[in-house]
Amino acid sequence: MAGHGDRRGRQGCPQRLKKARSRIFFRVSCRAGIGYLSRTMTFRGKWFIAFGVFLVVCGIAGFLSNPSAAKTALISGGTFGVMSAAWGLLMLRGCGWARFAALASTVVLVGAFSWRASAGWLAVAAGEPKHFAAGLISLMLVGSIASLLALLRQKKGGSNEWR
């Protein structure tokens, strides 16, 4: 009987150990307590969650405007939207490295949307009926630039914290 009780205890141990390891990992890498977060970090986290939702909605709108030809709008809007929202959640958890990741992905988005918006408006100037797509991509570009500015914004005291 004693051996049977030991076996049950050992079977539950790896699960408890796995949970403990994950808790320790997040405490070390992300400072899980809200008390550690600065106001700018929580602002940026909430901003990027909203930005991610905005990108997903724009991707869906682009797809619904032309379902046969705009599958990439859904894929790219959804992928970068979920990624941006994830960066925001990680910033809310206190992960300082999430700001760097958000900065890198937002720079990529600004470059891609600049290219696509200019191509879209050139197509409109050539007489193609791509007003909605060009306008939507331009709106996504404006949102990406605003997100980039939110990331690079400094505190009132002039120090730019990277927590």
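Once the stretch 124-141 is narrowed to residues that are within 12 Å of ALA73 (Cα to Cα) and not small (Gly, Ala, Ser), the residue that is nearest to the chain's Cα centre (by Cα) is MET140. Look at the stretch 100-123: where a residue is assigned by TED's automatic domain parsing to the domain that holds LEU139 and free of Cβ contacts under 8 Å to residues at least 40 places away in the same chain and a partner is among the basic types (Lys, Arg) and surrounded by 14 or more Cβ atoms within 10 Å (Cβ to Cβ), sitting 6+ places away or on another chain with Cβ atoms under 9 Å, you get GLY120/LYS130; TRP121/LYS130; ALA123/LYS130. For the stretch 113-133, what are the residues that are assigned to a helix (DSSP H, G or I) and of a type in the set (Gly, Ala, Ser)? Correct list: SER114, ALA117, SER118, ALA119, GLY120, ALA123, ALA125, ALA133.
The values are calculated or read from the model by the stated rules, or taken from the named source; none is laboratory data. Computed from a predicted structure; not experimentally measured. Note: ideal-geometry Cβ built from the backbone for every residue, glycine included; neighbour counts use all protein chains shown.
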